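Encoded as structure tokens, the structure appears first; notes follow it.
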Amino acid sequence: MTHCKVIALTNQKGGVGKTTTTVNLGVGLANQGKKVLLIDADAQANLTMALGWQRPDELPVTLSTVMQNIVDDIPMDIYEGILHHEEGVDLLPSSIELSGLEVRLFNAISRESILKTYVNAVREDYDYILIDCMPSLGLTVINSLAAADSVIIPTQSHYLSAKGLELLLQTVSKVKRQINPDLRMDGILMTMALPRTNISREITETIRETYGRHIRVFDTQIPHSVRAVEASASGKSIYAYDRTGKVAQAYERFTEEVLRLEQRQRRQTQNRTESVR
């Protein structure tokens, strides 16, 4: 599988649906026949727990193990630590140890590209790799952006969530300029939307007006629902937990948007290659 796409799902604000989106986009892609690896790049290990591993700190191998071995140049089986979920996705889990690794990375050689080294080693086995970033703009997030082909920003239809977009976009642009020139911005995904409320509609419209001319704002909005929270607590995707519900239908539409976007990007790349020839 040489056409693997690596997507970082990031927002420095917590509670905006990054983990829920990572799970349900990942399972949605798997339901379309894609081979998917999810990487939990958050020391809180929410993605790991949302997929059913409730005691991540007891797992013998996690992302911090893998990255520390790369820093120390210790040979290892690149598939060691990958867990297999019953809904067809693989997971490289996280644990609280990742917070300590963040500090140790400051003195590492090529400290921004440690995760990229791992991703490049496993990407030939997958169609998609999704990285669930921690809510910060620290070195682990920089590693995630350096390893990614593109970025999706889940953001809540809330004033404070929208306010933080500018700083995040500046960070993504800086990584693109200095570390990863091929990094693309796939788009902004509105989550936890309450379309019947004036404030939710106004914030969504403001984001479309402010950023929509330069950055895609996905057509799909993920509605607010307690069912999404319940699904995460049960260790399942929204498809397994509430298949006919409005959140499952929204994530299915979003998955289709992501697949169509990938097809367009591949055609554009192919056309550019042919024009150079």
By the gyration tensor of its Cα atoms, with a ≥ b ≥ c the square roots of the eigenvalues, what is the shape of segment 50-127: rounded for a/c under 1.5, prolate for a/b over b/c, or oblate?
-> oblate
Among N120, V6, V89, whose Cα sits farthest toward the positive end of the charge dipole of the chain (+1 at Cβ of Lys/Arg, -1 at Cβ of Asp/Glu, about the Cα centre)?
-> V6
Accessible area per residue, Å², the chain with all protein chains present, probe 1.4 Å = 47 Å²
Under a point-charge model restricted to the Cβ atoms of Lys and Arg (+1) and Asp and Glu (-1), what is the dipole moment magnitude of the chain relative to its Cα centre, in debye to the nearest 20?
-> 1180 debye
15 Å beta-carbon shell around V172, net charge (K/R +1, D/E -1) | +2
Quick one: which residues, 5+ away or cross-chain, put their amide H under 5 Å from the amide H of V6? H built at 1.01 Å from N.
-> I129, D149, S150
Lysines within cross-link reach of K174: Cα-Cα under 30 Å, excluding same-chain residues under 8 positions apart?
-> K5, K13, K18, K116, K163
Take every DSSP beta bridge whose two residues both sit in the chain, then give the antiparallel share in percent to the nearest 5.
-> 5 percent
Label-point separation, D182 to D219 (7 Å along Cα→Cβ), nm = 2.9 nm
Which of the aspartates and glutamates could a cross-linker bridge to K176, judged by Cα under 18 Å and excluding same-chain residues fewer than eight apart?
-> E112, D149, E166, D186
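Packing-wise, with mean Cβ within 10 Å as the measure, how do 241-251, 53-63, 204-214 rank, highest first?
241-251, 53-63, 204-214
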Per the rule of 0.36 nm per residue minus the C-alpha distance, extending Q263 to T197 adds in nm 20.3 nm
Kindly state, to the nearest 0.05, the FRET efficiency for E230 paired with R208, given R0 = 30 Å and r defined as their beta-carbon distance.
-> 0.50
Ignoring ligands, DNA and RNA, what percent of the 1.4 Å accessible area of segment 80-162 is carbon and sulfur?
-> 54 percent
The chain, helix-only ellipticity at 222 nm - DSSP H runs n ≥ 4, -39,500 (n - 2.57), divided by all residues, nearest 500 | -14000 deg cm²/dmol
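Find out how many positive minus negative residues lie around G100, taking Lys and Arg as positive, Asp and Glu as negative, among other residues whose Cβ is under 15 Å from that of G100.
-3
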Assuming R0 = 22 Å, what is the FRET efficiency of R104 and Q54, from their Cβ-Cβ distance, to the nearest 0.05?
-> 0.25
Please report the relative contact order for the chain, taking Cα pairs under 8 Å with a sequence separation of at least 6, and give it as a percent rounded to a whole number.
-> 25 percent
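In the neighborhood of D149, defined by Cβ-to-Cβ distances under 13 Å, what is the net charge if each Lys or Arg adds +1 and each Asp or Glu adds -1?
+2
For L167 and K246 in the same chain, what is the full-extension length gain: residue separation times 0.36 nm, less their Cα-Cα distance, in nm?
Extending this stretch completely gives an extra 25.3 nm.
The values are calculated or read from the model by the stated rules, or taken from the named source; none is laboratory data. Predicted model only: the values in this text are computed from it and were never measured. All Cβ positions, glycine included, derive from the backbone under ideal geometry; neighbour counts span all protein chains shown. To get the accessible areas, we keep the full protein, side chains included, count just its heavy atoms, and leave off ligands, DNA and RNA. Shrake-Rupley method; radii C 1.70, N 1.55, O 1.52, S 1.80 Å.
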